[in-house]
Amino acid sequence: MEAAVEFSGEQTTENNVRRDLLRPLTGASGQYLTAVVLCSAVVIWALVAWGYQIHYGIGVAGINRPVFWGFYIINFVFWIGISHAGTLISAILRLTDAGWRKPVTRAAEAITVFCLMIGGMFPLIHLGRVWLFYWLIPYPNDRLLWPNFRSPLVWDMTAIFTYMTGSVLFLYLPLIPDLAMMAKRSQGVRGFLYRKLSLGWTGSDRQWHAMERAMKLMAGMILAVAVSVHSVVAFDFSMSVAPMWHSTIFAPYFVAGAIFSGIAALVLVMAALRHFLHLQHYLRPLHFDNLGKLLLLMSLIWMYFTFAEHLTVWYGNNPAEINVFNVREHGVFASALWCMVTCNFIIPFILLGVRKLRTITTICLASVSVLVGMWLERFLIVVPTLSHPPLASGWGAYTPTWVEWSITAGTFAAMALLYLLFVKAFPIIAIWEYEDDH
Amino acid sequence: MIINAAFRNVEQVSGAIALLRQYGTNANQMEIFSSKPVELKPGVLDRTSKMSLIAVLAAIFVGSLVTTFIYYTQRDYPLVTGGMPLTSGWATGVVTFELTMAGAILGTVFMFIWESGLMKKSRCPAPDLPESGMILQIECDADVDTVVNMLQGCGAMDVDTLEKS
């Protein structure tokens, strides 16, 4: 009798979990619809700006001699960096079997996929003649031209292809049991789609074993791929003999920065989900506290790399490098540099380092600060070096145009829009993983 | 015949499996269905897997294919390199690494689909998943009544039998 009571209690809890986590999939509040309309409007405006650029040519953007990389490459590095939030963090937490990860992983993995979709667009936007993008792909052609395999741009393409493929599968595999469960509860087109996407999942022990094995293996692989992807993005810079780019620590510096900005993005997404989807019971202060500590650790690592990079350049006193160093430290880019240090180190250090100050609100504030700081970091890597080449006669300036601002704004709106649509289609917390843990 | 027996917990289902195996039922004739993973002790109902092996083989295959492709492309269609070597192990290494990992990932996913039997028609119809607890399915050719009695003795709450289609 006692066992029966216990059993029925367990069922009630599981029903509550399912009810709570499936609730966001049904209906749409006025707030939600307003957000979708606003984000869609900004995305459409960005598409119009891109269309304008395609029609009139890349000259409508502010990039020109000597600054040939501007907002597009800054945004590319920024979004690929944030993409590390998901798959990398999720993979580390899966491999270390951190129990608290379970409500966090799917939200994180979705960030990766969306950021890669957005970040991966920027090299295409930056091409100008986007319709020729396939020239990067190695294919037999009558001009007997093949891509240059020594070019970091080809490395980028292969790295992003692998990371995108791995991340989509890493998000999709643990979604299958939830899709099967939702297929039973849904009808019409939705039910049909869930049934097809669940691939005939029955919940047999063979399937669970295969899932666990696949996820463990994938986590290890994704970890290696994620590190390599941002290293390859760093190689785009460090392979050229340009002042303050040609550095051996660029790859780990970029990886550390990517994880740093990724955690900040994850915190903000989780806070939004917690507030708007009423998931306070699932996304608890413990999750934010743990991510806050990770953010603090990454802030310290980032500061260490930044200091090492700047100290080496200053001490070397190489004329080409010191010019770039000077404009960054006390020249035209000084305000951006010190704002970056404040956002990436001072603010997170105070808000996250003092235990009494570490609340969900302050962790979110620190995360916003980190995202601003990391965008500035990417700006400071790209623009000062290009605007100050070794010969002073070649120095120039860069002013972004409305097209670049619009496309940049559009990507932030696109990220929000993709997330808004995702939470309406799929449970943002893996139901089976959560139930398994409780 | 197919027998579906509902159990509340892992201990009961483990006991039933041990008893059935003593009785001569093969591990391949038994399957547990649940809405979340069931952690059984090693040796109870082990499932062998070649997933890691296939992932490594897929990685080696794709990696070798890519390296060969890059080598011959660079050699047969040489670019102007300005004195740099025509083929470079360092640069090729990056592309090889990325696509080797792609091979491993795709190999793993292929094996996941293969070993889990997804997208394949099952010999036995899967029971409806319980919200909690688990169902042990046995493909039984022997004395059905004896098996049903054994399952009930191990704590099965509900036992259904149906004809194999």
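The values are calculated or read from the model by the stated rules, or taken from the named source; none is laboratory data. Since we're looking at a predicted model, the values are computed, not measured. Positions of Cβ are generated from backbone atoms using ideal geometry, with glycine treated the same way; all protein chains shown enter the neighbour counts. Only protein heavy atoms, including side chains, enter the accessible area calculation; ligands, DNA and RNA are left aside. Shrake-Rupley method; radii C 1.70, N 1.55, O 1.52, S 1.80 Å.
Among all positions in the range A:62-71, there is no residue which is small (Gly, Ala, Ser), at pLDDT 95 or above and not in a helix (DSSP H, G or I). A:Ala85: open to solvent by less than 70 Å² (accessible area, probe 1.4 Å), within 28 Å of the chain's Cα centre (by Cα) and modelled with pLDDT under 80, yes or no? Yes: the conditions hold for A:Ala85. The one condition from (1) surrounded by fewer than 21 Cβ atoms within 10 Å (Cβ to Cβ); (2) in contact with a helix residue (DSSP H, G or I) (Cβ under 7 Å, 6 or more places away or on another chain); (3) more than 7 Å from chain A (Cβ to nearest Cβ); (4) among the aliphatic types (A, V, I, L, M) that B:Val80 does not meet is (2).
The residues listed here are A:Ala430, A:Ala425; of these, the one that is under 30 Å from A:Asn16 (Cα atoms), small (Gly, Ala, Ser) and within 14 Å of another protein chain (Cβ to nearest Cβ) is A:Ala430.
Of all the criteria given as (1) part of a helix (DSSP H, G or I); (2) surrounded by fewer than 22 Cβ atoms within 10 Å (Cβ to Cβ); (3) not aromatic (Phe, Trp, Tyr), the one not satisfied by A:Gly27 is (1).
Assess whether A:Phe161 counts as being farther than 27 Å from A:Leu277 by Cα, open to solvent by 40 Å² or more (accessible area, probe 1.4 Å), in a helix (DSSP H, G or I) and within 12 Å of chain B (Cβ to nearest Cβ). Yes; evaluated as a whole, the condition is true for this residue. Among the residues making up the range A:90-105, a single one is in a helix (DSSP H, G or I), open to solvent by less than 10 Å² (accessible area, probe 1.4 Å) and out of contact with any Asp or Glu (no Cβ under 8 Å at 6 or more places or on another chain): A:Ala91.
A residue that is under 16 Å from the mean Cα position of the chain (by Cα) and either open to solvent by 30 Å² or more (accessible area, probe 1.4 Å) or closer than 30 Å to A:Val17 by Cα (or both) can be found somewhere in the range B:88-108. Here A:Thr399 qualifies as out of contact with any Ser or Thr (no Cβ under 9 Å at 6 or more places or on another chain), assigned to a loop (DSSP other than H, G, I, E, B) and open to solvent by 70 Å² or more (accessible area, probe 1.4 Å).
Rundown of residues vs (1) touching a helix residue (DSSP H, G or I) at 6+ places or on another chain (Cβ under 9 Å); (2) more than 8 Å from every other protein chain (Cβ to nearest Cβ); (3) part of a loop (DSSP other than H, G, I, E, B), yes/no style:
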residue	(1), (2), (3)
B:Val38	yes, no, yes
B:Pro42	no, yes, yes
B:Thr73	no, no, no
B:Phe97	yes, no, no
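Of all the residues in the range B:22-63, those that are open to solvent by less than 80 Å² (accessible area, probe 1.4 Å) and among the basic types (Lys, Arg) number 2. Within the range A:127-158, the only residue that satisfies the criterion of being small (Gly, Ala, Ser) and away from every other protein chain (no Cβ under 11 Å) is A:Gly128. Restricting attention to the range A:115-158, which residues are under 20 Å from A:Ile407 (Cβ atoms), part of a helix (DSSP H, G or I), open to solvent by less than 20 Å² (accessible area, probe 1.4 Å) and not acidic (Asp, Glu)? Scanning the range A:115-158 gives A:Cys115, A:Leu116, A:Ile118, A:Gly119, A:Phe122, A:Ile125.
When A:Pro390 is tested against (1) of a type outside the set (Ser, Thr, Tyr); (2) farther than 18 Å from A:Val77 by Cβ; (3) part of a helix (DSSP H, G or I), only condition (3) is not met.
Residue by residue, here is whether (1) in a helix (DSSP H, G or I); (2) under 20 Å from A:Thr399 (Cα atoms); (3) modelled with pLDDT under 95 holds:
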position	(1), (2), (3)
A:Leu291	yes, no, yes
A:Ser299	yes, no, no
A:Phe305	yes, no, no
A:Ser369	yes, no, no
A:Trp375	yes, yes, no
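The single condition from (1) open to solvent by 20 Å² or more (accessible area, probe 1.4 Å); (2) within 20 Å of A:Phe379 (Cα to Cα); (3) touching a helix residue (DSSP H, G or I) at 6+ places or on another chain (Cβ under 7 Å) that A:Pro285 fails is (2). When the range B:111-161 is examined, which residues are found to be assigned to a helix (DSSP H, G or I) and more than 12 Å from chain A (Cβ to nearest Cβ)? Listed by number, the residues that qualify are B:Val144, B:Asp145, B:Thr146, B:Val147, B:Val148, B:Asn149, B:Met150, B:Leu151, B:Gln152, B:Gly153. Condition (residue is open to solvent by 20 Å² or more (accessible area, probe 1.4 Å), in a helix (DSSP H, G or I) and under 19 Å from A:Ala85 (Cα atoms)) applied to the range A:272-280: is it met by at least one residue? Looking for residues that are open to solvent by 20 Å² or more (accessible area, probe 1.4 Å), in a helix (DSSP H, G or I) and under 19 Å from A:Ala85 (Cα atoms), one finds at least one in the range A:272-280, hence yes.
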